[in-house]
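Here's the structure, in structure tokens; my notes come after.
The values are calculated or read from the model by the stated rules, or taken from the named source; none is laboratory data. Here the structure is a predicted model, which is why all the values come from computation and not from measurement. Every residue, glycine as well, gets a Cβ built from its backbone with ideal geometry; the counts of neighbours run over all protein chains shown. Surface areas here come from the heavy atoms of the whole protein model, side chains and all, with no ligands, DNA or RNA. Shrake-Rupley method; radii C 1.70, N 1.55, O 1.52, S 1.80 Å.
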2 protein chains.
Amino acid sequence: MKLKAILLISAALGCVAVPALAKPKAAPVKTVAAPEAVEVTAARLRDAALKSDVAYGFVSDLTTRVGARPAGSEAEKRAAYWAAEELKRLGFANVKVESFPLSLWVRGPESIEITAPFPQALVGTALGQSAAGEAEAEAVLFDTWQEFLDSKADVTGKIVVLLQPMARASNGSGYGRLSGTIRGRGPLEAKKRGAVGFVMRSVGTDTHRFPHTGTTAWQGEGGLPSIALSVPDAEAISRIKRLQAEGKAGPLRLKMKTGGSFPGVGESHNVVADLIGSEHPEEVIVVGGHLDSWDLGTGAIDDGAGMAITMGAVKAMVDQGLKPKRTIRVVFWGSEEVNQPGGNHSAGGAAFAKTREGELSKYVVAGESDFGADKVYAISLPETEDKTFAVKVANALAPLSIYVDATAKPGGGADTAPLHEAGVPAIDLKQDGYDYFDVHHTADDVLDRIDPAQMQQNVAAWAATLWLIANTDVTFKAPAK
Amino acid sequence: MKLKAILLISAALGCVAVPALAKPKAAPVKTVAAPEAVEVTAARLRDAALKSDVAYGFVSDLTTRVGARPAGSEAEKRAAYWAAEELKRLGFANVKVESFPLSLWVRGPESIEITAPFPQALVGTALGQSAAGEAEAEAVLFDTWQEFLDSKADVTGKIVVLLQPMARASNGSGYGRLSGTIRGRGPLEAKKRGAVGFVMRSVGTDTHRFPHTGTTAWQGEGGLPSIALSVPDAEAISRIKRLQAEGKAGPLRLKMKTGGSFPGVGESHNVVADLIGSEHPEEVIVVGGHLDSWDLGTGAIDDGAGMAITMGAVKAMVDQGLKPKRTIRVVFWGSEEVNQPGGNHSAGGAAFAKTREGELSKYVVAGESDFGADKVYAISLPETEDKTFAVKVANALAPLSIYVDATAKPGGGADTAPLHEAGVPAIDLKQDGYDYFDVHHTADDVLDRIDPAQMQQNVAAWAATLWLIANTDVTFKAPAK
């Protein structure tokens, strides 16, 4: 039935070899099937991908068989070798696990509670890369990062608490504003001012009692104990602040404990696999997602989905018996989530680019999927001389309700940034991230968060796009430095 | 503006004393304001309650100032004395905290993980009243309670795992089927068959990673370590079961640890407060919710809401300067959630009824609110000779989209059951519980789950109903034994 459906679609597109029955009987001329136009194949591939359960099955297996796979952990290694075997089984070539060194961080026991004026336990979790420590002290509350920066309040010996909420947006624009400031630099700033602990409202858009972890700047053992509270717990502290303002509550005191440890240098892993190009194998299109996840959930939307979507798009070609002219390289990057001493994430992206320094001029384009499993709504493409290319993409993606966003310069994420910095152009398939930060970096990042139908649309978008890039002569300009 | 709005509504209902301006000038007769009809007052009260923030404010304060208040804990005691002061402040009379003994249970450290075939941590929590213990053993998986009961499988030395999901329904009918069987008797049954641990899918309708706790039968120190998994974790185990059936996964082994302890006999507390009747103070209407909560959340919907709704309904009368003819007694029952040695919950309900044995024949009716904070959609009333009464209630509640359900016999919950067993009739305001078991007994039972507007409808329904009962001669028949 699956095959029949494909044939029907192909027939509808007028792209199969004309069957014998349709031959005019009166004039029996010899007919030769014309090669299928690239746009037609892209459409066929798109429609097949829309029905494929390969991507969902991959995330289901990964989250069930491995679960959480923090950067540098034994579980991440197991995930790498499992994924490599899976890629071979699915028909990829040149499958490799490439290891690289990583400075490790491991979560330990952690807790936070109010000791005064209203004693009770709170739900929080340590920021990744934050140090072990204990503190019991008065809390100084700030509504925003700016208020904290501007404040002359003496926080010596106190616990700094940041209560700024994250704004919800489909493009996730509320995230970077807080992840790089409050979460990334908050503990460092607070320590500089003499604080003994750092507490923040989670960078998340939900109202459920899941704290959102995430990396802070690496400070090693010398850092402050740093905890993100779930949004309801942060809201409770905001209510206490209002009661204080009304004279109905005394000073807030918190007791906190974190157990993060730094076991030294370990190993993380990239998994690399190719669908080798039939005409220009040396011209490489890189796509992928990241292998590691935070330790609280099972990394379904972050980023099991990204691996599954990009891999699934390429696997759809295999399933259709299609061979691209250019090579498509699928990469599962290790250690995207964690900051490293003196550097930013991702170590996996950096290691991948470094290993291939000499060959990057042949890389056509690189794109990553790291924003959950919901639908793609727009695509932005790098500059090219071929003005027809964007039209081809637009036509292929319009049935999926995706438009070509010509106003935006395509950007990369953490994993492809080193490639883009080395001159590899970026493609950017923009996903709907309206709900993404409800779950991001929480224990609730599990398979149950993925809608298989939305994920299929996403796979279909990647499949059609990659086919067009891999089977035309389009070349893109290097990103502006 | 609040007063003006009330006057406008009153005027619209034609129930205020006719103002001087409206007197016919030609015939200056002496007019006397007729006493307001009970139905008119009920409507006025209802509409005022719809705008009141008293109930929401109560839950906000309770959850912020006390938070979790497990039965018999210091926090429950603090909640009791805080609530008593609050009730006095709000204008209630005869406010009392009535203490009674309780066999205590306290949660300890707990964890559960898969050790084979796919090692990873799971999210679970011990059942209330379950013992401390550790087990590392093969798991025997059952899809339903019936399958477990019927099974002849040897579970000696193994961990019994029940994977039955709960059905979602607005009336909560899916709950009792599992809480009394799998959760209540599962550990006992598993132990009888020689199992070393008991694990179950949470009794909950959500798909989030919150385990739902809840009481099991009291077995003291001799019971099995017993854990409820979050739904996503139970789903993961169901996936492993399917992989096993396909020959793709070996036997499941679990490692679990629970730390429940039984510190002996402590104290719990009922809080009782009256709005004293002006004509028949000895005729008592009992309403309330329960004071204790589970330890994971802050007890906003279970049952801060129930206390707030019933108290708020009576407070609306105070705010309107209304005095009922019969006494309305608001009760916050302690220790509803926990089973006791040899008995069922609620100890608070039993203590309340026991203390008043001699006077229960004067109790008109008793009702409790213990099903969250969403809207009321129906009411069922006990039998009465007064056939007009249900019509009055129907007319008062129709504007709130509530119908009188004449097909159902009103039942009580755990707290009023001892009253009903002693012959006090029950009223039952049926709330929409469609989402209730998404959150019930989880860490996510926090203020953020309450929609103030839905709660106001609920308060309004109680206010109008209680006013009609308190200000008519209606008497109800004792429930059939």
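In segment B:334-365, how many residues are within 22 Å of the chain's Cα centre (by Cα), charged (D, E, K, R) and open to solvent by 20 Å² or more (accessible area, probe 1.4 Å)?
Number satisfying all stated conditions: 1.
Considering only residues of segment A:183-200 that are within 22 Å of the chain's Cα centre (by Cα) and under 23 Å from A:ALA443 (Cα atoms), which is farthest from the other protein chains (Cβ to nearest Cβ)?
First pass over segment A:183-200, keeping only residues within 22 Å of the chain's Cα centre (by Cα): A:183-185.
From what's left, under 23 Å from A:ALA443 (Cα atoms): A:183-184.
Values: A:ARG183: 22, A:GLY184: 26 Å.
Top of the filtered list is A:GLY184.
B:ARG168 passes all but one of (1) over 30 Å from A:ASP61 (Cβ atoms); (2) among the basic types (Lys, Arg); (3) in contact (Cβ under 8 Å) with a residue 24 or more places away in the chain; which number fails?
Among (1) over 30 Å from A:ASP61 (Cβ atoms); (2) among the basic types (Lys, Arg); (3) in contact (Cβ under 8 Å) with a residue 24 or more places away in the chain, the lone unmet condition for B:ARG168 is (1).
Which count do you get for residues in segment A:210-241 that are more than 14 Å from every other protein chain (Cβ to nearest Cβ) and assigned to a strand (DSSP E or B)?
Qualifying residue count for the region: 4.
Looking only at segment A:79-91, how many residues end up being open to solvent by 70 Å² or more (accessible area, probe 1.4 Å) and under 15 Å from A:GLU267 (Cβ atoms)? Reasoning before the result, please.
If we filter segment A:79-91 for residues that are open to solvent by 70 Å² or more (accessible area, probe 1.4 Å), which is where we start, we get A:81, A:85, A:88-89.
Cutting the leftovers down to under 15 Å from A:GLU267 (Cβ atoms) gives us A:81.
Total meeting the criteria: 1.
Restricting to segment A:227-261, name every residue that is buried (at least 18 other Cβ atoms within 10 Å of the Cβ) and under 26 Å from A:TRP333 (Cβ atoms).
A:ALA228, A:GLY260
Regarding segment A:206-226, can at least one residue be identified that is in contact with a Lys or Arg (Cβ under 7 Å, 6 or more places away or on another chain) and open to solvent by 20 Å² or more (accessible area, probe 1.4 Å)?
For segment A:206-226, residues in contact with a Lys or Arg (Cβ under 7 Å, 6 or more places away or on another chain) and open to solvent by 20 Å² or more (accessible area, probe 1.4 Å): present.
For segment A:92-107, which positions are of a type outside the set (Phe, Trp, Tyr) and either at positive phi or open to solvent by less than 20 Å² (accessible area, probe 1.4 Å) (or both)?
Within segment A:92-107, A:ASN94, A:LEU102 meet the criteria.
Please work out if A:HIS269 is more than 14 Å from chain B (Cβ to nearest Cβ) and free of Cβ contacts under 8 Å to residues at least 60 places away in the same chain. If you could, list the steps in order and put the result at the bottom.
Working: more than 14 Å from chain B (Cβ to nearest Cβ): yes; free of Cβ contacts under 8 Å to residues at least 60 places away in the same chain: no.
So A:HIS269 does not fit the description; no.
How many residues are of a type in the set (Phe, Trp, Tyr) and either open to solvent by 40 Å² or more (accessible area, probe 1.4 Å) or more than 14 Å from chain B (Cβ to nearest Cβ) (or both) when one looks only at segment A:48-65?
Start the filter on segment A:48-65 by keeping residues that are of a type in the set (Phe, Trp, Tyr), which leaves A:56, A:58.
Applying the additional criterion that residues be either open to solvent by 40 Å² or more (accessible area, probe 1.4 Å) or more than 14 Å from chain B (Cβ to nearest Cβ) (or both) yields A:56.
Looking only at that region, the number is 1.
Which one is nearest to B:PRO211 (Cα to Cα), of the residues in segment B:141-190 that are open to solvent by 50 Å² or more (accessible area, probe 1.4 Å) and acidic (Asp, Glu)?
Per the criteria, the residue is B:ASP143.
Condition test on A:ALA347, is it over 14 Å from A:SER369 (Cβ atoms) and touching a Gly at 6+ places or on another chain (Cβ under 8 Å)? Before the answer, list the steps.
Values: over 14 Å from A:SER369 (Cβ atoms): yes; touching a Gly at 6+ places or on another chain (Cβ under 8 Å): yes.
Considered against the rule, which asks whether it is over 14 Å from A:SER369 (Cβ atoms) and touching a Gly at 6+ places or on another chain (Cβ under 8 Å), A:ALA347 comes out as yes.
So which residues in segment A:285-297 are open to solvent by less than 10 Å² (accessible area, probe 1.4 Å) and within 14 Å of another protein chain (Cβ to nearest Cβ)?
So in segment A:285-297, the residues open to solvent by less than 10 Å² (accessible area, probe 1.4 Å) come out as A:285-293, A:297.
Those that are open to solvent by less than 10 Å² (accessible area, probe 1.4 Å) and within 14 Å of another protein chain (Cβ to nearest Cβ): A:SER293, A:GLY297.
What are the residues in segment B:344-360 that are in contact (Cβ under 8 Å) with a residue 12 or more places away in the chain and not in a helix (DSSP H, G or I), if any? First the steps, then the outcome.
Here is the first cut: in segment B:344-360, the ones in contact (Cβ under 8 Å) with a residue 12 or more places away in the chain are B:344-355, B:357, B:359-360.
Answer for segment B:344-360, where residues must be in contact (Cβ under 8 Å) with a residue 12 or more places away in the chain and not in a helix (DSSP H, G or I): B:ASN344, B:HIS345, B:SER346.
Those residues that are in a loop (DSSP other than H, G, I, E, B) and not small (Gly, Ala, Ser), I need them from segment B:242-274; list them, please. Can you show your working first?
The initial filter retains those residues of segment B:242-274 that are in a loop (DSSP other than H, G, I, E, B), namely B:246-252, B:259-260, B:262-264.
Within segment B:242-274, B:GLU246, B:LYS248, B:PRO251, B:LEU252, B:PHE262, B:PRO263 qualify.
Could you run through segment B:295-325 and say how many residues are closer than 18 Å to B:GLY128 by Cα and not in a helix (DSSP H, G or I)?
First, pick out the residues of segment B:295-325 that are closer than 18 Å to B:GLY128 by Cα: B:295-299, B:302-303.
Add one more test, that the residue is not in a helix (DSSP H, G or I), and what stays is B:295-299.
Qualifying residue count, segment B:295-325: 5.
Let's see how each residue does on (1) small (Gly, Ala, Ser); (2) assigned to a loop (DSSP other than H, G, I, E, B); (3) closer than 12 Å to A:THR258 by Cα:
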site: A:THR115; (1), (2), (3): no, no, no
site: A:PHE118; (1), (2), (3): no, yes, no
site: A:THR125; (1), (2), (3): no, no, yes
site: A:ALA131; (1), (2), (3): yes, yes, yes
site: A:ALA135; (1), (2), (3): yes, no, yes
site: A:ALA139; (1), (2), (3): yes, no, no
site: A:PHE148; (1), (2), (3): no, no, no
site: A:VAL155; (1), (2), (3): no, yes, no
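Condition first: open to solvent by 10 Å² or more (accessible area, probe 1.4 Å), touching a residue at least 60 places away in the same chain (Cβ under 8 Å) and not in a loop (DSSP other than H, G, I, E, B). Now tell me which residues in segment A:275-284 satisfy that.
A:LEU275, A:GLU282, A:GLU283
Is it the case that some residue within segment B:314-333 is open to solvent by 40 Å² or more (accessible area, probe 1.4 Å) and among the basic types (Lys, Arg)?
Within segment B:314-333, one or more residues are open to solvent by 40 Å² or more (accessible area, probe 1.4 Å) and among the basic types (Lys, Arg).
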